[in-house]
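Have a look at the structure below before the remarks.
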2 protein chains.
Amino acid sequence: MAKIGVLLSGCGVFDGAEIHEAVLTMLALDRAGATIVCMAPDVDQYHVVNHLTQEEMTEKRNVLVESARIARGEIKDLKDVKAADLDGLIMPGGFGAAKNLSDFAFKGAESTVEAEVKRILEEMSAASKPIGAICISPAPLAKALSAKKPEVTIGNDQSTAEAIEAMGGQHKTCTVDMIHVDGANKVVTTPAYMLGPGIKDVAVGIEKLVHKVLELAGG
Amino acid sequence: MAKIGVLLSGCGVFDGAEIHEAVLTMLALDRAGATIVCMAPDVDQYHVVNHLTQEEMTEKRNVLVESARIARGEIKDLKDVKAADLDGLIMPGGFGAAKNLSDFAFKGAESTVEAEVKRILEEMSAASKPIGAICISPAPLAKALSAKKPEVTIGNDQSTAEAIEAMGGQHKTCTVDMIHVDGANKVVTTPAYMLGPGIKDVAVGIEKLVHKVLELAGG
C-alpha cells in the first residue's frame, strides 16, 4: 500500500490550504487504497484572513495547528518526515502554498521556499519519487526544483505562468479537467481552483493527479 | 435545479463543522446539479480547540467567519435564510453541531438548540421540505423537531441514542454505509464519522443522503 504525503499549508483558501482540494486529494487517495500521511510545517501563518470579508485579522495562527483541522488531528510536523518515509507527495493549493510554504504571493519570481518544504521536495526529487502539485502549488514546486526545470501547469494565468518560467519552470497550459505529467521529473500538476469554477470540476483533475502519482509511485 | 442549504457550525471536527463531511456533501450536491447555499449562525464558537493537541485555546472565533473557510467565502448569515429560499437543508456533523448549533455535547437530553438553527429547522419541517443530518447533527435535529418524533440514526452509540430518545427522537441503528429515511418527516440521517473509520467510508453514506434529500426535494 503506497504511503503518500499530503503537504498542507493551513486551513482555508485565502490564508492556508484550499480545503476542497485537500479533502478531494484525501478522498481519492483513500479510495485508491493508499495510506495518507498529512504534514505541515510548524511555522506561523503569514497572516490570518477573515474568509467572510476577505479582510486581514489581527491574530496569529500556526500552519501545523490549523492544518490539523483538515487532518482531524492526524498530522505530522513536516520536519519529522523524510522522503524515505513516503512513496509520493501531494501539495494541495490555496494561498497558503504561496504565503506560508513560500512567499510567491508577494515576491513572484523572486520568492523563496520555506526551508523544510524545500528540503522535502528536494529529497523526493533526489529519490525519484513522484510529486503532485495542485492549483498554485506548482509555483513553489518550480522554485524549489528549478535546477530540474520541471514542467508544470497552473492553468492559463499569464503572469503566474511567466513567473514560473522566470524561476526555471516550464509552464504548460491546461484546463481544469487535465493534468500535466513531467515524466522525467515525476511531477504531476493540475489547475484546480486556479480555474474552477466549482468543486465537481476541480475534483476531475485532482482524481487524475492522485491516480497518476500512485502509478508513478508504484513504478 | 434544487437549492440545498448546507448548515455549517465552524471549521474543524473538534470545535466546528467536520470538514470532510461538509466537503463531501458539497461535492455530491454539485455533482448532482444542485445549487449549494452555505449558511451558518453569526455567533461565537463555544470554544476553540487546538486540533493538533486537542487542548482548548485561549481565543475566540466566530462560527460564521470560520464556516466561511469551508465555503470559500460564499456563505450567508443563517438569520437571512428562510425555508422559502430552499428546497432542502443538510447539516454536516462535527462537534460544532453539538457545541455551537446546540449544547448537546454538554447537556445531552437537557440541551437546547441555537435560536436561528431551531427556527430554520422548524420552518423546513412546517414546509414539508427535506432535512438531511450527518454524524452528530441528528441530535440537535431531534431536539428541535421533538414534537414530530423524528426517526434518526447516529450509528450505534448507546448513550447518544438514549439521549436522542429522551429528547423525543426515535433512534435507528445503522452502519456507516447506510442512511435512515423518516419518510413522514422527510428526515434523512447517516452516521458518518460517528462510526468512520475513513473518508472513503463516510463518503458512501453521505452520497446516499444527498441523493435521498434531492429526491425528496423534487417530490
Residues (within 20 Å of B:V13 (Cα to Cα) and open to solvent by 20 Å² or more (accessible area, probe 1.4 Å)) located in the stretch A:33-51: A:I36, A:N50
Where B:D30 falls short, out of the listed (1) open to solvent by 10 Å² or more (accessible area, probe 1.4 Å); (2) within 25 Å of B:V204 (Cβ to Cβ); (3) assigned to a loop (DSSP other than H, G, I, E, B): (3)
Subset of the stretch B:44-92 that is in a strand (DSSP E or B) and among the acidic types (D, E) - its residue that is nearest to the other protein chains (Cβ to nearest Cβ): B:D77
The stretch B:102-126 residues that are more than 17 Å from B:D80 (Cβ to Cβ), paired with ones that are of a type in the set (V, I, T) and open to solvent by 70 Å² or more (accessible area, probe 1.4 Å) (beta carbon under 7 Å, 6 or more apart): B:S102/B:T112; B:D103/B:T112
Subset of the stretch B:192-218 that is of a type outside the set (K, R) and open to solvent by 50 Å² or more (accessible area, probe 1.4 Å) - its residue that is farthest from B:I131 (Cα to Cα): B:P197
Subset of the stretch A:154-171 [surrounded by fewer than 19 Cβ atoms within 10 Å (Cβ to Cβ) and in contact with a strand residue (DSSP E or B) (Cβ under 6 Å, 6 or more places away or on another chain)]: A:E165, A:Q170
Candidates A:P197, A:P140, A:P191, filtered to the one that is closer than 19 Å to A:F14 by Cα, at pLDDT 95 or above and more than 13 Å from the chain's Cα centre (by Cα): A:P197
One residue from A:A133, A:A142 being open to solvent by less than 30 Å² (accessible area, probe 1.4 Å) and touching a Lys or Arg at 6+ places or on another chain (Cβ under 9 Å): A:A142
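Return yes when A:T189 is under 22 Å from A:G16 (Cβ atoms) and either surrounded by fewer than 21 Cβ atoms within 10 Å (Cβ to Cβ) or more than 14 Å from chain B (Cβ to nearest Cβ) (or both) and no when it is not.
Yes: the conditions hold for A:T189.
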Some residue of the stretch A:117-133 being closer than 25 Å to B:G198 by Cβ, touching a helix residue (DSSP H, G or I) at 6+ places or on another chain (Cβ under 9 Å), of a type in the set (G, A, S) and away from chain B (no Cβ under 14 Å): yes
Out of A:G16, A:G5, A:G73, sole residue that is farther than 24 Å from A:M124 by Cα and open to solvent by less than 30 Å² (accessible area, probe 1.4 Å): A:G73
Selection status of B:A98, in contact (Cβ under 8 Å) with a residue 12 or more places away in the chain, farther than 20 Å from A:M57 by Cβ and in contact with a helix residue (DSSP H, G or I) (Cβ under 9 Å, 6 or more places away or on another chain): yes
Within the stretch A:1-13, tally of residues that are in a loop (DSSP other than H, G, I, E, B) and touching a helix residue (DSSP H, G or I) at 6+ places or on another chain (Cβ under 8 Å): 7
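The values are calculated or read from the model by the stated rules, or taken from the named source; none is laboratory data. All of these numbers come straight from a predicted model, not from anything done at the bench. Here Cβ is always computed from backbone atoms with ideal geometry, including for glycine, and neighbour counts include all displayed protein chains. Calculation scope for accessible area: heavy atoms of the full protein, side chains included, ligands and nucleic acids excluded. Shrake-Rupley method; radii C 1.70, N 1.55, O 1.52, S 1.80 Å.
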